[in-house]
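The values are calculated or read from the model by the stated rules, or taken from the named source; none is laboratory data. This structure is a prediction, so every number in the text was calculated from the model and none was measured. As a convention, Cβ positions derive from the backbone with ideal geometry for all residues, glycine included, and neighbour counts pool all protein chains shown.
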Amino acid sequence: MKSEIKIILLLFCVSALLLALHRVALDRIFVIDLDGDLPIFALDDKSIGGTSVATTHMEGDRRILQCELTTFYQYPFCELNIQLVNLPQDESIIGMDLSQFERVGLWLSYLAPVDAGIRLHLRNFNAEYSNLADENSLKYNSVEWFEVQGRTKPIWIPLNSLQVSTWWLSENKVSLKNSGPELNNIVTLELSTGTKVSDGAYRLEVERIEFQGKLISKEQLYLILVGMWMLFAFLRLGYSVVKYNKTLTFFKFREQELTTINHLLDSKSRALEDQVGRDVLTGILNRQGLQALLFDDNASVSRANGLSIAFIDIDHFKQVNDNYGHAVGDEVLKEFARLIGDNTRHSTEILARWGGEEFILACPNSNLKEVELLAEKIRILIASHQWPHDIMLTCSIGVAQMTEETVENFFKRADEALYAAKRKGRNQVVSSSKA
């Protein structure tokens with residue numbers, strides 16, 4: 001739970017940081033060079049029957065459009081035409097993708113005899129409707145604004161305010177799906193006199209044209225944040241499902257095991273009280289109690305699925321009594337029994353004191369290999385345990401699995417395996433099949 005809270009707090013911090021960075025940083029900027037390699041022209045209405053005259057030149061760092069405009073033509077205009085890319089005649093045009101920008105800033109000064117307005121055109125090439133041989137087939141993404149007399153810098157125009165001129169749509173017979181603004185392949189930027197012109201001199205001074213946007217759009221940022229939180233939610237859900245299944249499996253197993261044990265205890269509790277004896281010192285079963293539980297005619301533990309035992313003997317226990325006294329020896333025996341009991345695998349395994357420093361661990365439903373592994377675990381545990389008075393203690397273990405044989409022969413084989421472990425130097429586990 002603590003780690004989950006930490007992850008959630010981390011996600012909140014990352015989300016807040018990304019939102020803050022998006023607001024104050026992560027900017028995408030494109031500035032048009034007004035005195036560089038880009039072709040910049042002054043266009044007027046002479047080519048279509050008018051008499052207006054437009055020229056352009058640089059004055060310091062300003063691009064000047066000078067216009068003597070006459071209303072002889074029906075739609076008179078002067079225009080500053082900036083070619084963002086070359087227009088080849090025999091191949092597709094790859095223009096500027098301005099769709100990732102949010103607004104354009106115009107640092108300009110406009111002097112005119114009337115409030116004629118200014119028009120901004122961003123011309124887009126699309127092979128579905130554009131023709132290289134006809135410049136008029138480039139889509140007009142346009143906006144016009146007024147009250148710009150004198151020096152007004154900067155003017156910020158949201159790019160989503162641009163519209164497509166209806167006359168252009170009609171003239172080029174553009175389909176409905178292509179009728180909206182497009183800014184993904186811009187080839188030309190145009191600044192033109194507005195629609196309410198009169199005869200006279202017009203002067204447009206442009207200092208800077210700057211497009212601004214974000215490296216990551218708001219929509220992309222929100223998708224990233226939503227994806228990040230959804231990924232966490234899915235991982236958390238997946239982890240919960242896996243953990244729930246493991247827990248459910250474990251509890252089903254424990255329920256089955258406990259049901260079996262409770263049934264055993266319920267049916268045999270009174271009989272065990274009379275038949276099973278316990279070792280007074282260690283509190284575990286004694287020899288009589290183990291025999292009654294496993295081998296009497298009314299034994300309460302089934303041997304149908306196999307039975308294996310481990311004879312466990314404390315090495316050189318007499319030296320403990322001789323060197324430290326019987327009181328310490330008794331404490332060692334109690335600790336020895338507790339340590340083994342706490343580290344057995346299942347509640348069905350039965351530990352008994354066979355006599356003196358010798359113990360038996362009976363393992364129903366276990367094969368020889370399983371008990372060998374358990375015995376080795378116990379041997380290492382005993383040897384590494386911190387015993388009273390820093391006594392160095394080890395044990396030898398003999399293991400046997402019951403076959404079609406008498407109980408006496410079964411115990412004899414386990415006892416022989418134990419003595420084989422002692423002959424080999426003690427602190428060892430020996431199986432009856434290897435004795």
Got at least one residue in region 268-275 being loosely packed, with under 10 Cβ neighbours inside 10 Å, modelled with pLDDT under 85 and of a type outside the set (Asp, Glu)? yes
Could you identify the single residue in Leu34, Leu65, Leu21, Leu38 that is without any contact (Cβ under 8 Å) to a residue 40 or more places away in the chain, over 19 Å from Leu159 (Cβ atoms) and of a type outside the set (Asp, Glu)? Leu21
Can you spot a residue in region 140-158 that is in contact (Cβ under 8 Å) with a residue 60 or more places away in the chain and not acidic (Asp, Glu)? no
